[in-house]
Amino acid sequence: METDLLIIGAGAAGLFCAGTARAQGARVVVIDHAARPGEKIRISGGGRCNFTNLATTRERFLSENPRFVASALAGYRPSDFVALVDQAGIGWHEKTLGQLFCDGKATQITEMLIRRMAGAELWLDTTLAGLSRDADGYAARTSRGVIRAKRVVVACGAKSIPKMGATGLAYDLALQFGLRIVETRPGLVPLTFAEQDLALCKPLAGIAVEAEVSHGKTRFRDALLFTHRGLSGPAILQISSFWRPGEEIIVNLAPDADLAGALRDRRGQGGRVAIQTVLGAHLPARLAEAIAADLGLEGARLADQNNAAIDRIAARIQRWQVRPVGSEGYRTAEVTVGGIDTRDLDASTMQARDVPGLYFIGECVDVTGWLGGYNFQWAWASAHAAGLSLAGALR
Ligand SMILES: Cc1cc2nc3c(=O)[nH]c(=O)nc-3n(C[C@H](O)[C@H](O)[C@H](O)COP(=O)(O)OP(=O)(O)OC[C@H]3O[C@@H](n4cnc5c(N)ncnc54)[C@H](O)[C@@H]3O)c2cc1C
């Protein structure tokens, strides 16, 4: 089998790159070890795929080199992808903060990408046994025979959710061809707590509040969810990409309230009322009760609290300093932070600087978006950059 372009991985980035390269007339083969393409697209955004974010800027991405994303993002914008979605007749809506979701099933996006790459071969259930390079290009030994390709795009994702087909293949290939790897860790992942903090969280599992969570100077305000193992919800997922083991996060469970002021005012009006009742005006009742109990103030009256005690109560709710023991790991992480070192890639083509004809796109690269459609935008934009540059090279 001979082809102009072999793409390893039929996920968001691989499928998109195949379409872009096909549009330039390239012969394209895409291989994937999974039985179906675009499995992460299928489960993304709660089954509705948050396919882009209108507020995409380079500040929405983590990378050792924050400037790396600029060229690819400028070359393919959220409005470009929206135009494709519109052409395909896929209904969509904007949730909060520029996040665009399908009205119907996420699989519509995969179907659109498959139609867009018409003429390309898609080999599913196909594993890669080895990739080598010689003067004529690349030879890929696969479970379905050898594919000779002038160029190879590695688009086989990162480590998140092995059950969905994630492997470390992209990193192995990068290392084989001499590229460096920025240490990886799970991102957009629930955080887990030690026993003493779990005593508060466990009984509250399932309760959600609007919270502000910070780590150093980075802060996110969004929903926070108590779980049996610690904390989750968008605010926690966002901060998890910045957090590293051993570090502390600060949680404000009532970000709109002047809690100390409100407690003092209420006390001034005759504070025979129980503390948890007053807190219940700012927090879900069960959370207010649990915090009062955690502070040893279950049933205690507001009238009996001096200013220092009130400050302590407010701080417990608005400056809850907690040191997670870990995260739920790659088993549930939506993304992998770190990856192929961008110093070894050309920012406008995604080609390995020292290995002509070898490209890395999508999540395997050391580029990680915030929650909210940025990761798919990166997949489209990096795939577009590679797909266009390949086409030029193949003429
Ligand atoms: C639950 C969940 C929800 C998400 N929701 C969103 C969302 O709404 N919006 C958003 O922007 N991002 C979301 N993401 C992140 C997004 O899915 C990824 O950033 C994106 O899929 C990365 O695209 P990719 O093509 O680089 O990798 P992937 O989509 O992971 O594709 C990699 C492909 O390579 C294949 N592969 C892996 N190893 C091998 C191997 N050894 N041999 C052959 N093939 C291999 C895989 O089977 C897969 O098909 C979500 C992620 C998860 C897990």
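The values are calculated or read from the model by the stated rules, or taken from the named source; none is laboratory data. The structure presented is a predicted model; accordingly, all values stated were derived computationally and were not measured. When we count neighbours, we look across all protein chains shown, and the Cβ atoms used for this are built from the backbone with ideal geometry, even at glycine.
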Exactly one of R323, R316, R286, R312 is in the same structural domain as D258 (by TED's automatic domain parsing) and either under 29 Å from the mean Cα position of the chain (by Cα) or within 16 Å of the ligand (Cβ to nearest atom) (or both), and that residue is R323
I'm trying to understand the selection: among the residues of the stretch 37-68, which are over 10 Å from Y374 (Cα atoms), near the ligand (Cβ under 9 Å from one of its atoms) and not hydrophobic (A, V, I, L, M, F, W, C)? P37, G38, E39, K40, S44, G45, G46, R48
What single numbered condition from (1) at pLDDT below 95; (2) surrounded by fewer than 17 Cβ atoms within 10 Å (Cβ to Cβ); (3) touching a helix residue (DSSP H, G or I) at 6+ places or on another chain (Cβ under 9 Å) fails to hold for D311? (1)
Could you check, for the stretch 124-146, whether at least one of its residues is closer than 30 Å to D80 by Cα, near the ligand (Cβ under 10 Å from one of its atoms) and in contact with a strand residue (DSSP E or B) (Cβ under 6 Å, 6 or more places away or on another chain)? no
Tally, over the stretch 358-371, of residues that are more than 7 Å from the ligand (Cβ to nearest atom) and closer than 27 Å to I236 by Cβ: 6
Can you pull out every residue in the stretch 43-56 that is in contact (Cβ under 8 Å) with a residue 24 or more places away in the chain and part of a helix (DSSP H, G or I)? I43, S44, G45, G47
The lone condition S71 fails out of (1) more than 15 Å from the ligand (Cβ to nearest atom); (2) part of a helix (DSSP H, G or I); (3) over 20 Å from A347 (Cα atoms) is (3)
Taking interchain pairs and intrachain pairs at least six residues apart, which have beta carbon atoms under 8 angstrom, with the first residue in the stretch 23-42 and crowded, with 23+ Cβ neighbours inside 10 Å and the second among the hydroxyl-bearing types (S, T, Y) and in a loop (DSSP other than H, G, I, E, B)? I31/T126; D32/T126
Which is basic (K, R), free of Cβ contacts under 8 Å to residues at least 24 places away in the same chain and not in a loop (DSSP other than H, G, I, E, B), of R343, R312? R312
Kindly establish whether L54 is buried (at least 20 other Cβ atoms within 10 Å of the Cβ), touching a helix residue (DSSP H, G or I) at 6+ places or on another chain (Cβ under 9 Å) and assigned by TED's automatic domain parsing to the domain that holds D346. no
Go through the stretch 1-17 residue by residue and tally those that are assigned to a strand (DSSP E or B) and either within 6 Å of the ligand (Cβ to nearest atom) or closer than 17 Å to L173 by Cα (or both). 4
Just to verify a result, which residue in the stretch 85-144, among those that are within 16 Å of R48 (Cβ to Cβ) and among the basic types (K, R), is modelled with the highest pLDDT? K105
